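A short write-up of the structure that comes next.
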Amino acid sequence: MKLLITGGAGFIGSAAVRCAVALGHEVLNVDALTYAGDLATVSSVENSALYRFARLDITDLSSLRHAVRDFGPDAILHFAAETHVDRSIDDPTGFVQTNVVGTTNLLDAALHFYSEISGSKKANFRFISVSTDEVYGSLGSDGYFNETLPYDPSSPYSASKAAADHMCKAWYRTYGLPVIVTNCSNNFGPYQHPEKLIPTVVQAALEGSDIPVYGTGLNVRDWLYVDDHINAIFSILVHGQPGDTYCVGGNCEKTNLDIVSEICEILDRRFKKPSGDGFSSQIVMVQDRLGHDFRYAIDNSKLVELTGWKTSKTFLERLGETVDWFVDHRDWLSKHEGRLGLGNKNT
């Protein structure tokens, strides 16, 4: 297929680019290269005949229309977004521009292209918009997010993603554009920006600085390895129904403090601190984030029943691999150090 992938120099989008090229798809990577975008994430495919890159901001409607029409995709995989909750609290306007206006522009460009094609290309065309489980708000100690729940976002970030989801569904219902929305849980893996929890903890631990954890550290997230997420997206691309929504989760609920403690234990097995203390001695509880949702958890049974999708390894195996990657790529952490988000960066 010919796949136009937005945000393909970011964390999750770059995993999609690498996977798509490995599968033999032709890829146009559209990315504005903001602070979280880095072409090093796709260096392994940059010389492939199947890959090309366009530096383009999705808030630029005219350029976006040209890019979509000239490339002629069989599908659009939309990952481009502002994603960091702390940044959204400090500057919500930028999130509205990228996540709401940018998504609307992409829908507009896709619809213009869709209206001009016919036959099997039109019948098989898909627009997949990758969103977050945070649009559903916060869970208590039990229950799960699923595709039937009403939206109840808490932060400017999740509100902007909820608005983008609604625009996608409106473009399907009003114009018939074959849009599919996915809502995923917390991703982790190589190339994640250092403002996120796991790389933040690794960096702080190895530098000997405080490892900050919000509030009591008991906020719960469902963790999903990024390559497993991409495998789910490609399964949905093949089997998903236009107008539908699919929740993608790792069935792995962990408190923030659990995650931090497990990372410290992994590092303890790899390094000996001169003081003899474990890395957990660096954990410091800090003031909680504004509007901090208590718990996210996903019921992904709809996805599993449709595609047979499942995670490839256990969480601890993938966490160990991820920590190893950041330890072996400390240059990745230091290179982005000057572009970190605000305050504590736990998700």
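Bear in mind these aren't lab numbers, they're just calculated from the coordinates by the rules spelled out. This is a predicted model, so every value here is computed, not measured. Because the Cβ atoms are built from the backbone with ideal geometry, glycine has one as well, and the counts that use them run over all protein chains shown.
Values for this structure:
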quantity	calculated
Within region 1-95, percent of DSSP bridges classed antiparallel, to nearest 5	0
Cα-based Rg and Dmax for region 1-53, where Dmax is the largest Cα-Cα distance (Å)	9.6, 30
Per-selection Rg to Rh, region 140-223 - Cα, Kirkwood hydrodynamic radius	1.08
Using alpha carbons only: equivalent-ellipsoid semi-axes of the chain, gyration tensor based, whole Å	33, 22, 19
Segments 170-176, 207-213 sorted - mean Cβ within 10 Å per residue, highest first	207-213, 170-176
Only Lys, Arg (+1) and Asp, Glu (-1) charged, at Cβ; region 30-125 dipole about Cα centre in debye	460
Cα centroid separation, region 133-154 to region 259-309 (Å)	21
Sum of -39500 (n - 2.57) over DSSP H runs of 4+, divided by residues of the chain (222 nm, nearest 500)	-12000 deg cm²/dmol
Per-selection Rg to Rh, region 2-88 - Cα, Kirkwood hydrodynamic radius	0.96
Loop-located trypsin sites (Lys or Arg not before Pro) in region 13-110 whose Cβ has at most 14 other Cβ within 10 Å (DSSP)	none
Region 56-73 - phi-based ³J(HN,Hα) in whole Hz, Karplus 6.51/-1.76/1.60, Gly and Pro as x	8, 8, 5, 7, 9, 5, 4, 5, 5, 4, 5, 5, 5, 5, 5, 7, x, x
C-alpha center-to-center spacing [region 50-90, region 161-234] in angstrom	18
For Cys184, distant residues with modelled amide H under 5 Å away	Ser131, Thr132, Asp133, Val248
Region 169-283 - Rg (one decimal) and Dmax (whole number), Cα, Å	18.9, 64
Computed over region 81-151, Kirkwood Rh from alpha-carbon pairs, angstrom	15.1
Cα-based equivalent ellipsoid, region 248-321: semi-axes from gyration tensor eigenvalues, Å	31, 20, 6
Listed pairs Lys169/Lys302; Lys196/Lys272; Lys254/Lys310 exceeding 20 Å between Cα atoms	Lys196/Lys272
Amide proton proximity set for Val220, modelled H, under 5 Å, gap of 5+	Arg295, Tyr296
Dipole axis of the chain (+1 Lys, Arg; -1 Asp, Glu on Cβ), positive-most option in Asn187, Val238, Ala297	Val238
Amide H contacts under 5 Å for Arg289, placed H, 5+ residues apart	Gly215
Whole-Å semi-axes of region 41-168's equivalent ellipsoid (Cα gyration tensor)	29, 18, 15
Kirkwood hydrodynamic radius over Cα pairs of region 222-347, then Stokes diffusion coefficient at 37 °C and 0.692 mPa s, in µm²/s	189
For region 284-290, 3J(HN,Hα) per residue [Karplus equation, 6.51 cos²θ - 1.76 cosθ + 1.60, θ = phi - 60°, Hz, x = Gly/Pro]	10, 7, 10, 4, 5, 5, 4
